[in-house]
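> Take a look at this one; I'll ask things after.
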Amino acid sequence: MVPSSLSQVTVGGYSHRDNNLNVSVQEFGHRGIRVDKIRVVLADDHQEVIAKVRGILGDEFEVIEAVENGRQAVSAVLALDPDVLVTDISMPLLNGLQAARNIQKANCRAKIVFLTIHEDRDFIVAALSAGALGYVTKRRLSIDLVFAIHEALQGHTFVSNSKRT
């Protein structure tokens with residue numbers, strides 16, 4: 001569901017919330033329980049962005065696939081059933097907005113978080129309308145991405161602060 005206004009979403013600021021994530025207990029381990037890593041598909045046509053995102057996601061997340069275009073993103077989500085798709089908007093063959101719509105039509109459980117250079121309100125509205133729960137600008141990547149993913153997994157909408165919106 002798209003919020004009726006952008007004021008109804010978490011915008012850049014961090015608020016205290018219960019950190020219960022969509023994870024499952026698999027077995028007893030060293031500290032009592034083992035929790036699965038959050039499984040992520042990354043979609044961006046710039047390998048340097050993919051590398052930076054991998055570094056930021058660190059050990060808490062498992063990047064199960066990294067792809068270069070929207071068609072590959074749709075295929076990866078359908079085949080691998082990730083928890084989250086982190087995708088750019090501007091990509092070849094099928095852009096991120098079209099990919100998100102296709103993923104939503106297929107009723108996939110993956111949450112969608114856009115990671116993009118586009119800071120204009122029209123892009124934010126289009127991303128949320130396409131089914132995204134997160135919208136992170138690349139200039140705020142290291143500040144917002146992990147928080148945005150956690151918000152999306154809890155069913156909350158997150159949009160990076162922007163001087164241009």
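> Does residue 78 count as in contact with a helix residue (DSSP H, G or I) (Cβ under 9 Å, 6 or more places away or on another chain) and under 24 Å from residue 154 (Cβ atoms)?
For residue 78, the condition - in contact with a helix residue (DSSP H, G or I) (Cβ under 9 Å, 6 or more places away or on another chain) and under 24 Å from residue 154 (Cβ atoms) - is met.
> So which of 59, 81, 18 is at pLDDT 90 or above, farther than 16 Å from residue 136 by Cβ and of a type in the set (D, E, K, R)?
81
> Next question. Hey, residue 79 hits all of (1) in contact with a Pro (Cβ under 9 Å, 6 or more places away or on another chain); (2) free of Cβ contacts under 8 Å to residues at least 40 places away in the same chain; (3) of a type in the set (Gly, Ala, Ser) but one; which does it fall short on?
Result: residue 79 fails condition (1) only.
> Sticking with this structure for a sec: Can you list the helices (runs of 4 or more DSSP H) found entirely within segment 91-165 that contain at least 3 residues being in contact with a Pro (Cβ under 9 Å, 6 or more places away or on another chain) and of a type in the set (A, V, I, L, M)?
Passing ranges: none, list empty.
> Among (1) surrounded by fewer than 23 Cβ atoms within 10 Å (Cβ to Cβ); (2) outside any helix (DSSP H, G or I); (3) among the hydroxyl-bearing types (Ser, Thr, Tyr), where does residue 75 come up short?
Unmet for residue 75, out of (1) surrounded by fewer than 23 Cβ atoms within 10 Å (Cβ to Cβ); (2) outside any helix (DSSP H, G or I); (3) among the hydroxyl-bearing types (Ser, Thr, Tyr): (2).
> Just to be sure, is residue 112 of a type in the set (A, V, I, L, M), surrounded by fewer than 18 Cβ atoms within 10 Å (Cβ to Cβ), under 18 Å from residue 147 (Cα atoms) and in contact with a Ser or Thr (Cβ under 9 Å, 6 or more places away or on another chain)?
Details: of a type in the set (A, V, I, L, M): yes; surrounded by fewer than 18 Cβ atoms within 10 Å (Cβ to Cβ): no; under 18 Å from residue 147 (Cα atoms): yes; in contact with a Ser or Thr (Cβ under 9 Å, 6 or more places away or on another chain): yes.
Spelling it out, it is not the case that residue 112 is of a type in the set (A, V, I, L, M), surrounded by fewer than 18 Cβ atoms within 10 Å (Cβ to Cβ), under 18 Å from residue 147 (Cα atoms) and in contact with a Ser or Thr (Cβ under 9 Å, 6 or more places away or on another chain).
The values are calculated or read from the model by the stated rules, or taken from the named source; none is laboratory data. Worth saying up front: this structure is predicted, and the values here are computed from it rather than measured. All Cβ positions, even for glycine, are placed from backbone atoms using ideal geometry, and neighbour counts span all protein chains on display.
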